[in-house]
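Shown next, in structure tokens, is the structure this report addresses.
The values are calculated or read from the model by the stated rules, or taken from the named source; none is laboratory data. Since the structure is predicted, the reported quantities are computational estimates derived from the model, not experimental observations. Ideal geometry is used to build each Cβ from the backbone, glycine not excepted, and the neighbour counts take in all protein chains shown. The accessibility values were calculated without ligands, DNA or RNA, using every heavy atom of the protein model including side chains. Shrake-Rupley method; radii C 1.70, N 1.55, O 1.52, S 1.80 Å.
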Protein chains: 6
Amino acid sequence: MTSTRPSGRANDQLRAVSIERHYTRHAEGSVLVSFGDTKVLCTASIEERVPPWLRGKGEGWVTAEYGMLPRATTDRTQREAARGGQGGRTMEIQRLIGRSLRACVDRAALGERVITLDCDVIQADGGTRTAAITGAYVALVDAVATLTKRNAIKRNPILGAIAAVSVGVYNGVPVLDLDYAEDSNCDTDMNVVMNDGGGFIEVQGTAEGHAFRRDEMDALLDLATKGIAELVAAQRAALEDAP
Amino acid sequence: MTSTRPSGRANDQLRAVSIERHYTRHAEGSVLVSFGDTKVLCTASIEERVPPWLRGKGEGWVTAEYGMLPRATTDRTQREAARGGQGGRTMEIQRLIGRSLRACVDRAALGERVITLDCDVIQADGGTRTAAITGAYVALVDAVATLTKRNAIKRNPILGAIAAVSVGVYNGVPVLDLDYAEDSNCDTDMNVVMNDGGGFIEVQGTAEGHAFRRDEMDALLDLATKGIAELVAAQRAALEDAP
Amino acid sequence: MTSTRPSGRANDQLRAVSIERHYTRHAEGSVLVSFGDTKVLCTASIEERVPPWLRGKGEGWVTAEYGMLPRATTDRTQREAARGGQGGRTMEIQRLIGRSLRACVDRAALGERVITLDCDVIQADGGTRTAAITGAYVALVDAVATLTKRNAIKRNPILGAIAAVSVGVYNGVPVLDLDYAEDSNCDTDMNVVMNDGGGFIEVQGTAEGHAFRRDEMDALLDLATKGIAELVAAQRAALEDAP
Amino acid sequence: MTSTRPSGRANDQLRAVSIERHYTRHAEGSVLVSFGDTKVLCTASIEERVPPWLRGKGEGWVTAEYGMLPRATTDRTQREAARGGQGGRTMEIQRLIGRSLRACVDRAALGERVITLDCDVIQADGGTRTAAITGAYVALVDAVATLTKRNAIKRNPILGAIAAVSVGVYNGVPVLDLDYAEDSNCDTDMNVVMNDGGGFIEVQGTAEGHAFRRDEMDALLDLATKGIAELVAAQRAALEDAP
Amino acid sequence: MTSTRPSGRANDQLRAVSIERHYTRHAEGSVLVSFGDTKVLCTASIEERVPPWLRGKGEGWVTAEYGMLPRATTDRTQREAARGGQGGRTMEIQRLIGRSLRACVDRAALGERVITLDCDVIQADGGTRTAAITGAYVALVDAVATLTKRNAIKRNPILGAIAAVSVGVYNGVPVLDLDYAEDSNCDTDMNVVMNDGGGFIEVQGTAEGHAFRRDEMDALLDLATKGIAELVAAQRAALEDAP
Amino acid sequence: MTSTRPSGRANDQLRAVSIERHYTRHAEGSVLVSFGDTKVLCTASIEERVPPWLRGKGEGWVTAEYGMLPRATTDRTQREAARGGQGGRTMEIQRLIGRSLRACVDRAALGERVITLDCDVIQADGGTRTAAITGAYVALVDAVATLTKRNAIKRNPILGAIAAVSVGVYNGVPVLDLDYAEDSNCDTDMNVVMNDGGGFIEVQGTAEGHAFRRDEMDALLDLATKGIAELVAAQRAALEDAP
């Protein structure tokens, strides 16, 4: 059976995934993640402070910020710093990344420190937020490893792996890991974040065209489950390389 | 069997819903919607202009803005206008309301005009965004009726009803329409927007505590489907009253 | 003699005044005040802190913020939070409300805490600032009562009642309590804030058309004195109801 | 009888007033006005444009902006440009100046152009807004004269002179033209703007300490009337000098 | 040989320089500096605090802010406070002034306090930043003298004089101290800051038209050296006057 | 003779330079430039519009924006978009980059279009602005080549090459191309922009410690001239590769 996807991929096929650790040298974790032509630099930065509302509680915090280089996109996008602030889309995405990664962290084990996950899109071709979450997890693990090495923590605060993928109904057919050509023309778009135990962390589905039926939702959740299992395997393979 | 919910409600029971039309007099549509102690004023304003990117395309636009009065909440929340801008949560919610309501509008039938849905929370007790969507639909219908009355449109641009409800896993049990006491202590929180044909418009689920399983997700979607059918009935009853 | 006012009111006649306490449930004081079709929700919020410049001085502070729901007005007004800040008119009004209410408070008796009076216009038909001041006084008294109940204060910090009304020269005739139809066409517009002892707290008069003469000013001040006596009586009646 | 004022002035005595025209060379009108140690540079700038809401109406506009050099004050005040915007006090003052000067201009005679009155306080010792209004009038007349010279207008758009002064109750006694030592300790502070026909343009009175009685208000208005007649004479004298 | 400069000045001739101390009365140092028609008010304000990053280090700080009155320029420039913040040019200039003046201060001898140099352009005709630096030095010396008088410092923190001048290639000829007519038409514009020992503090040269050659640069540096020696002499003369 | 530089480089030795074209795929020009560990992504974006002040003049514009990823630096730097705007350092650098690149462009030959050079620092180790200018030139040439290919321009608007390097006095010795270890400890730091004809475009020298003498300046300019010749050769080599 021939594919109906612009890329020629099978309906349940991820794009080529690559996870390159130690991409830059200053950050405690630094990962360039690629989902096909989507490339996101994810850095994890440790700071020995906590936000005001956590002072003296013996817990840490994990937060995320998201940005796009102005020419990561087909047409140039105005720089948010020049526009005077982050837009609604950016805030929504970075809140999603932060919540997703906090779901895999034991904040008491982390101790009174903050890890900031900066996800900056170098090149965009759809799925930047799911690539960001998938890459940020690896950067987070690397950052935590530096804490272990300097005996700053007593037990591993990482509760399990987190990865994310988009699914959608494109031309009436449920497909996995939408690229930009599909994303801008699909009926339904859903971002799914799961852990390595198959549990759901976040599900964000939007009917772009017609409303989606319960059976379509079921098919999309199945695709996401398959894709995330493969992404978790790719994360594990990347982390098994020598540090 | 006794309820384990703080309010004593059954697990699949909505709070008392009221939809009061013509709450203020200037707006083309003006609805005070209450989900229990959550009260949101939803106004629909028609403006005879289109955003720049729609000029000359023969289509209209539907957008939403969301706000909270400073003392709608248990503790006073700082006024966003005084803080210098809308925060991430506000932007996320108003983007959700706008997308949801656009899903029930034929924008070509609406013609080159904008309808803005302002959803201002007078009192908050959980579920403000779902109440806002449910009330904004009724305000939208009233605003469209004024267009019909002045022969400004040729056919009804409303494609069907839209309503929203939250569901969640509270103390391990799936429940419908979380109030604040539940919302701030639940494991999973999901906002679901559906149309009156039972199709999904938006699904936004977040694991606050542990990740949720596929069977929990199924139970939550069943609860949402039931609740939204009741909300659609309440909308219909409100709209059947004399204008 | 027939009235020349659009509303048919006598020249020295207030609009129907209503003062509804406990309008929302979270605030220590919550009043919906109506001057005819002008409706303002006034909440009083107690916070156990003082601004930096009052730290350690044993005194409290009373401040006010003012807002308008976007569709309180005939045409939709852009939301100040979306515009990125409060405009000059808003700042001017909230500074006036704050100064006016501080004039009736013994700040040493209040103790080191802040009471914020949020005045949000639900529906506008002229005179929103005077309605706000009149309603905020009642909300303030209710908030102070909660302090008395929990023995947080030793003596009553309320020095007397404060109310406000607008007066103006409309079609050459001095009139009391301008509604929007009058306000937008009058020659002179004056907002007067007084206490229940007949003393002036604030007088803000502006010649919109021609400059006003001393005898017109005298007539306006007489009207204001009469109107405020009636408003103070309405406040007293509202406060005499069971809490 | 000896004065009780810090400056030794009589109760109805203005500070030394000086009005220096052509203080800087680029502006169409440029006046340094001094009320004692209060010095304000008032420039009037003509621009051949109108604000959007006046396009095609054949009328002009007069507006004002107000600023303070950071060290015009006893202690350094933070620069508003560095703080990110104009504060409430600044907006209130510049709105007052603009309204006051518009009261003496026939905007149809001015034609489709804007005159901006920039009032920048070089040194502050109380009464900056009244000095600004008094000086801005002279700058405005000079700017209009340049329009006359180049035959840009057919008839004089200036309807009459405008001046302003503060009055207040200091130590229980009504006094004219408060300096900083009085302003920061007075019970009542009132800014009065009048025209050269003795008509009131703006009256803004505030009880800083106790509420003021009607007889005090009468005395204050008498003082203001006397002071403004002297200021109008000083304006006239300054304008009679060769251009 | 006749001059080719619009002003008729010789190529190595400064404009008339005047330095007027004690121009306003609140600031610890207050200087009106004129380079021809360019007039800048420079005030030095002492505050007994240090920025957070210097706390407890026993050192002080010197910083600068720069502004232009809206009508200092030929056409009115929008007020930065009204635009919502300082622009790039302003920030660049005030950073330059701050760095330049810090170069002549022993910050340990200054002690834990901040001196802020506010440079506000009253009238602009080219060279506002070099006039500002030259005047700010004198204001700084006067401010330090007040510290000496009240025995707040043990040794003089001023290491030597600092002055600045612009040089440029105008019509192919290197000239000293560009006025606006030259500045807006020159090929190369260079601002030079030097100390009284002939050492360079800052050199900022820009080729506006064609790139400049090494021999042109040498000629410009010679001119600047000459001009700054004269400016340092003018500073010294001004400071020798009775305080 | 042994080097005294932290890196062991000779005093007149550049760091390893690499210029990688076509680094990302959407931009008309996209270059990753490395000066040792300093890595900057420079993209050139063509837009078929001109700024308002150039409309109808038959000329184009070249502008630049500069940013730093939050963890390009040793410690995490706050994201400017999150802080609400670009800081003074950023504005100063992007103004320098824009001016420098405009110096090599015939804006009439470019035609009515804008080329924006976005320079985003991926990793910082000193000299980010000089690397940015050097890389942006190559991106600009690539962007112009796309215009040539589609016959959008008649003649080559590139007038010659532009490159930049820093020089400074480190431990009393003039050195070329400062890295971060040198930059943060040097006495004098100078950024020099030159064209391939040996002409100066920009010279920005700052005495960080003691003022620098004329002979030091001469030595620094010699070093810069040597370094820029090598950088221009590296640019040429990179551009000679197949497109």
Seminar exercise, completed: Only one of (1) touching a Lys or Arg at 6+ places or on another chain (Cβ under 9 Å); (2) open to solvent by 40 Å² or more (accessible area, probe 1.4 Å) does not apply to residue C:116, and that is (2)
For this session: Specify the residue that is most open to solvent (accessible area, probe 1.4 Å); the eligible residues are those in region A:181-236 that are among the β-branched types (Val, Ile, Thr) and farther than 23 Å from residue A:20 by Cα.
Result: A:225
Seminar exercise, completed: Counting only residues in region F:43-81 that are modelled with pLDDT of 95 or more and of a type in the set (Phe, Trp, Tyr), the one farthest from residue F:153 (Cα to Cα) is identified as F:66
Exercise. Is it fair to say residue E:145 is touching a helix residue (DSSP H, G or I) at 6+ places or on another chain (Cβ under 7 Å) and either within 14 Å of chain F (Cβ to nearest Cβ) or open to solvent by 10 Å² or more (accessible area, probe 1.4 Å) (or both)?
Worked result: no
For this session: May I ask you to say which residue of E:142, E:196, E:125, E:187 is under 30 Å from residue E:77 (Cα atoms) and in contact with a Lys or Arg (Cβ under 9 Å, 6 or more places away or on another chain)?
Result: E:125
Exercise. Which residues, taken from region D:12-27, are among the hydrophobic types (A, V, I, L, M, F, W, C) and part of a loop (DSSP other than H, G, I, E, B)?
Worked result: D:14, D:16, D:27
Exercise. Is it the case that region D:70-83 has a residue that's open to solvent by less than 50 Å² (accessible area, probe 1.4 Å) and touching a residue at least 24 places away in the same chain (Cβ under 8 Å)?
Worked result: yes
Exercise. Among all residue pairs at least 6 apart or on different chains, which show Cβ distances below 8 Å where the first residue, located in region A:90-108, is within 8 Å of chain B (Cβ to nearest Cβ) and closer than 16 Å to residue A:157 by Cα and the second is crowded, with 20+ Cβ neighbours inside 10 Å and of a type outside the set (A, V, I, L, M)?
Worked result: A:99/A:202; A:99/B:206; A:103/A:195
Seminar exercise, completed: Within region D:42-79, residues being within 11 Å of chain E (Cβ to nearest Cβ) and in contact with a Phe, Trp or Tyr (Cβ under 7 Å, 6 or more places away or on another chain) number 0
Exercise. What about residue F:139, is it within 14 Å of chain E (Cβ to nearest Cβ) and within 13 Å of the chain's Cα centre (by Cα)?
Worked result: no
Seminar exercise, completed: With criteria (1) among the polar types (S, T, N, Q); (2) open to solvent by 60 Å² or more (accessible area, probe 1.4 Å); (3) at pLDDT 95 or above, residue A:4 comes up short on (3)
Problem set entry | Test: residue D:126 is in contact (Cβ under 8 Å) with a residue 24 or more places away in the chain, more than 10 Å from chain C (Cβ to nearest Cβ), part of a loop (DSSP other than H, G, I, E, B) and over 19 Å from residue D:29 (Cα atoms) | yes
For this session: Scan region B:198-215 for residues that are modelled with pLDDT of 90 or more, closer than 28 Å to residue B:137 by Cβ and more than 7 Å from chain A (Cβ to nearest Cβ) and report the count.
Result: 1
Exercise. When region F:88-112 is examined, which residues are found to be in contact with a strand residue (DSSP E or B) (Cβ under 6 Å, 6 or more places away or on another chain), part of a loop (DSSP other than H, G, I, E, B) and open to solvent by 10 Å² or more (accessible area, probe 1.4 Å)?
Worked result: F:103
Seminar exercise, completed: Expected output for region A:189-200 (first residue farther than 14 Å from residue A:99 by Cβ, partner outside any loop (DSSP other than H, G, I, E, B), Cβ below 6 Å, 6+ apart or cross-chain) is A:189/A:168; A:189/A:206; A:190/A:167; A:190/A:205; A:190/A:220; A:196/A:232
Problem set entry | So residue E:33, is it crowded, with 18+ Cβ neighbours inside 10 Å, hydrophobic (A, V, I, L, M, F, W, C), away from every other protein chain (no Cβ under 14 Å) and more than 21 Å from the chain's Cα centre (by Cα) | no
Problem set entry | Answer residue from region F:38-69, given it is over 20 Å from residue F:96 (Cα atoms) and basic (Lys, Arg) and is most open to solvent (accessible area, probe 1.4 Å) among those | F:55
Problem set entry | Count - residues of region D:171-186 that are among the hydroxyl-bearing types (Ser, Thr, Tyr), more than 19 Å from residue D:34 (Cα to Cα) and in contact with a strand residue (DSSP E or B) (Cβ under 9 Å, 6 or more places away or on another chain) | 0
Exercise. Do you know which residues across region F:143-167 are farther than 18 Å from residue F:35 by Cα and of a type in the set (Val, Ile, Thr)?
Worked result: F:144, F:146, F:148, F:153, F:158
